[in-house]
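The values are calculated or read from the model by the stated rules, or taken from the named source; none is laboratory data. This one's a predicted model, so the numbers in the text were calculated from it and none came from an experiment. Cβ: placed from backbone, ideal geometry, glycine included. Neighbour counts: every protein chain shown.
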Amino acid sequence: MTVRALQKISVARNGVGAFVLQCKKMDLHYCDWAGSSKGMNGFIKSLLPKFAAAHPQIEFNVSPRPAKHPVIIAHYINGREKAVCVRNMEPFEILKKAELLRDASGEKLRRVTKPVSSINESVRGIWSPYHGEGMRV
Amino acid sequence: MSRALLRSALGLRAPISRLAAPAVPRATPSPFSPAAAAAAVAATTPALTSVRLFNQTAQHVEPSQDPAVLLSSNPASSSPRQQPPQQPQEAQQPAQPPRPLSPAVRALLPVLAAQPGHYIRIHIHGRPFLVTEGDSVRLPFRLRGVQTGDVLRLDKASVLGSRDLTLKGAPYVDERLFTCRAVVTGVESEPMRVMIKKKQRCRRKKHVKSKHRFTVLRICEVRVNGEVANEA
């Protein structure tokens, strides 16, 4: 009887080996005419350079979007995007939104009841009535 | 004068040249350097979430960070990267001699360590989570003072077990016996939920919106130390 390996598909566990930030790109759109973009313009001039320097793993793309509200669109490794409209916000409020997008994974928001999720088999094994103390009748 | 300071702090105008000199650490807002403290920025600026806490123990310092880090005037929130070596000694209480392990624990600890799989019941702010290596834990709260990518060494564990042996602490297991590390992978939030409050025979409905945020950790290491080095 030959010894054969069990075929298993590897499942990614981000953080166990190396940690990869899930946010890979952020598009920032501003407008020079709209009043709702005043905070965004200030954010881009004052706070964005240091935020971008602190996260070299995120690609930042700043472009004007005339006659529209300012928006930040974050692209994630799982292919999804999250857009946050930052109209009428102060620069520090926009910074908080940028940090929210950076910390998020691209997954859809869902309600989770159990805190721990694991793909490992149970350490102590499955209960059996024939092992252990047995049942007293 | 104060109005100009206020506007420059809010970032609406380019910072005034004499205040932008790096020799004056207190006046330059630097929310992204690891040494940032909310106290270093002007009082009108809202506090940012970039302050790192959990600096009671000496931390592993990556040598590749840039040395031009501004040290804050507030000692409680000093940098986790470039902590002066005197501070951990001042912050710790006078070191108590480590309690000796019982002979039963000392005899069976190598057996526990040699088993193939381990689980550990860790406590974060008192709440227990039973985890193995590689699990993802979504805490029921947002852990403050940590950033995405930080590695936390968890030292409170009440149960440490394997297939045949279980080590129970009273109330916690001695932290020399195990190592458990977790990486902060991010902060996720629940979907928006709306609670509608209404009384009978009154038409007014009050809508209360909630959208809580939760820290997600990935347990990257669960290890039982087969031999304890510094035993009394």
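Quick look at the numbers
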quantity: Criterion (exposed (fewer than 14 other Cβ atoms within 10 Å of the Cβ) and facing another protein chain (nearest Cβ under 8 Å)) met by exactly one of A:Arg102, A:Arg110; calculated: A:Arg110
quantity: Of all residues making up segment A:110-123, the number that are assigned to a loop (DSSP other than H, G, I, E, B) and in contact with a strand residue (DSSP E or B) (Cβ under 6 Å, 6 or more places away or on another chain); calculated: 3
quantity: Looking only at segment A:1-60, and only at residues there that are under 25 Å from B:Asp135 (Cβ atoms), of a type in the set (Val, Ile, Thr) and under 21 Å from the mean Cα position of the chain (by Cα), the one that is nearest to the other protein chains (Cβ to nearest Cβ); calculated: A:Val16
quantity: Which listed residue, of B:Cys220, B:Cys180, is crowded, with 16+ Cβ neighbours inside 10 Å, among the hydrophobic types (A, V, I, L, M, F, W, C) and in contact with a Gly (Cβ under 7 Å, 6 or more places away or on another chain); calculated: B:Cys220
quantity: Segment B:122-139: number of residues that are more than 9 Å from chain A (Cβ to nearest Cβ) and either touching a residue at least 40 places away in the same chain (Cβ under 8 Å) or buried (at least 18 other Cβ atoms within 10 Å of the Cβ) (or both); calculated: 3
quantity: Conditions (1) at pLDDT 95 or above; (2) part of a loop (DSSP other than H, G, I, E, B); (3) within 18 Å of the chain's Cα centre (by Cα); (4) not acidic (Asp, Glu): number failed by B:Gly145; calculated: (1)
quantity: Pairs where the first residue, in segment A:30-54, is modelled with pLDDT of 95 or more and the second is β-branched (Val, Ile, Thr) and surrounded by fewer than 17 Cβ atoms within 10 Å (Cβ to Cβ), C-beta under 9 Å, 6+ apart; calculated: A:Tyr30/A:Val62; A:Ile44/A:Val62; A:Leu48/A:Val62
quantity: Filter result for B:Gly117 (touching a Lys or Arg at 6+ places or on another chain (Cβ under 9 Å) and either among the aromatic types (Phe, Trp, Tyr) or surrounded by fewer than 17 Cβ atoms within 10 Å (Cβ to Cβ) (or both)); calculated: yes
quantity: Criterion: in contact (Cβ under 8 Å) with a residue 24 or more places away in the chain and assigned to a helix (DSSP H, G or I) - qualifying residue of B:Arg218, B:Arg181, B:Arg176; calculated: B:Arg176
quantity: Top-ranked residue of segment A:113-135 - restricted to ones that are at the interface with chain B (Cβ under 9 Å from one of its Cβ atoms) and under 24 Å from the mean Cα position of the chain (by Cα), ranked as surrounded by the most Cβ atoms within 10 Å (Cβ to Cβ); calculated: A:Pro115
quantity: Residue among A:Lys97, A:Lys82 that is within 14 Å of chain B (Cβ to nearest Cβ), in a strand (DSSP E or B), surrounded by 15 or more Cβ atoms within 10 Å (Cβ to Cβ) and in contact with a strand residue (DSSP E or B) (Cβ under 6 Å, 6 or more places away or on another chain); calculated: A:Lys82
quantity: Qualifying position, being touching an Asp or Glu at 6+ places or on another chain (Cβ under 8 Å) and under 30 Å from A:Val20 (Cα atoms), among B:Glu190, B:Glu175; calculated: B:Glu175
quantity: Subset of segment A:1-33 (residues that are surrounded by fewer than 18 Cβ atoms within 10 Å (Cβ to Cβ), in contact with a Pro (Cβ under 9 Å, 6 or more places away or on another chain) and not acidic (Asp, Glu)); calculated: A:Trp33
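Residues are listed down the side, and each one gets a yes or a no for (1) basic (Lys, Arg); (2) more than 19 Å from A:Arg102 (Cα to Cα):
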| position | (1), (2) |
| --- | --- |
| B:Arg142 | yes, no |
| B:Ala157 | no, yes |
| B:Leu165 | no, yes |
| B:Pro171 | no, yes |
| B:Thr185 | no, no |
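Conditions tested, residue by residue: (1) within 22 Å of A:Ala104 (Cβ to Cβ); (2) out of contact with any Leu (no Cβ under 9 Å at 6 or more places or on another chain).
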residue: A:Gly17; (1), (2): yes, yes
residue: A:Cys23; (1), (2): yes, no
residue: A:Trp33; (1), (2): no, yes
residue: A:Ser36; (1), (2): no, yes
residue: A:Ile44; (1), (2): yes, no
residue: A:Leu47; (1), (2): yes, no
residue: A:Ala52; (1), (2): yes, yes
residue: A:Phe60; (1), (2): yes, no
residue: A:Ala67; (1), (2): no, yes
